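Student: First, the structure itself, so that you have it in front of you.
The values are calculated or read from the model by the stated rules, or taken from the named source; none is laboratory data. Only a predicted model underlies this, so the values are computations on that prediction, with no experimental measurement involved. So basically every Cβ, Gly included, is an ideal-geometry build from the backbone, and we count neighbours across all protein chains shown.
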Amino acid sequence: MQWYEAEVRALERTLALQTGAGNRPAAFYGSSSVRLWDSLSEDVGPGIANIGFGGSTLEACDFFFNRLVPPVRPRSLLIYAGDNDLGDGRSPEQVFASFQSISVRVAAKLGGIPLGFISIKPSPARFRIIDRIRRTNAMVRQYIECLPSGYYVDIFGEMLTASGAPRTDLYQADGLHLNRDGY
């Protein structure tokens, strides 16, 4: 996890400046798909904390959770991560276990706040592992929908063409990161 340490430290400093005593933002947490969402406040609304760090895995989000999320004191938490885990060779079961661990941390540290998960996107760069993405999404969806304040945001189907291929018009040239239309 040392790979992320410098970015996590910088994020801790930024978040400390942004979060005031009475401020309880809705927090978006996860990988570069969150970090690079420059228009997040415009797209979603004010009172948003962007807790994304580049290249992160769901495993890394679990590892850094205590340092990044509870200090923000979010009123809700929406997570996007998991595709980097799968791209690195982790199994859907391992990715799901990381999500379960985060959900336990949320309940223990933040109480009954709403906890959401944005489905793992079907990116052109990772289309070769689409079955693993589908399996991971299905496991997380089944689990989170049983949580009292859990919800699942399904973007997967909207990011496919009628023939089932990824919509390349939603991605940057690397086929992995979203462009403005993708957000």
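Student: Can you pull out the residues in the range 111-125 that are over 17 Å from the mean Cα position of the chain (by Cα) and at pLDDT 95 or above?
Tutor: Start the filter on the range 111-125 by keeping residues that are over 17 Å from the mean Cα position of the chain (by Cα), which leaves 111-112, 124-125.
If the condition is that a residue be over 17 Å from the mean Cα position of the chain (by Cα) and at pLDDT 95 or above, then Pro124, Ala125 are the ones that fit.
Student: Can I ask one more? Look at Arg128 and say whether it is more than 21 Å from Arg35 (Cβ to Cβ) and under 16 Å from the mean Cα position of the chain (by Cα). Steps first, answer last, please.
Tutor: Values: more than 21 Å from Arg35 (Cβ to Cβ): yes; under 16 Å from the mean Cα position of the chain (by Cα): no.
So Arg128 fails the test.
Student: Which ones in the range 17-57 are free of Cβ contacts under 8 Å to residues at least 40 places away in the same chain, out of contact with any strand residue (DSSP E or B) (no Cβ under 8 Å at 6 or more places or on another chain) and either surrounded by 14 or more Cβ atoms within 10 Å (Cβ to Cβ) or outside any loop (DSSP other than H, G, I, E, B) (or both)?
Tutor: Result: Leu17, Glu42.
Student: Name the residues in the range 74-97 that are out of contact with any helix residue (DSSP H, G or I) (no Cβ under 8 Å at 6 or more places or on another chain) and under 22 Å from Leu17 (Cα atoms), would you?
Tutor: Of everything in the range 74-97, those that are out of contact with any helix residue (DSSP H, G or I) (no Cβ under 8 Å at 6 or more places or on another chain) and under 22 Å from Leu17 (Cα atoms) turn out to be Arg75, Ser76, Leu78.
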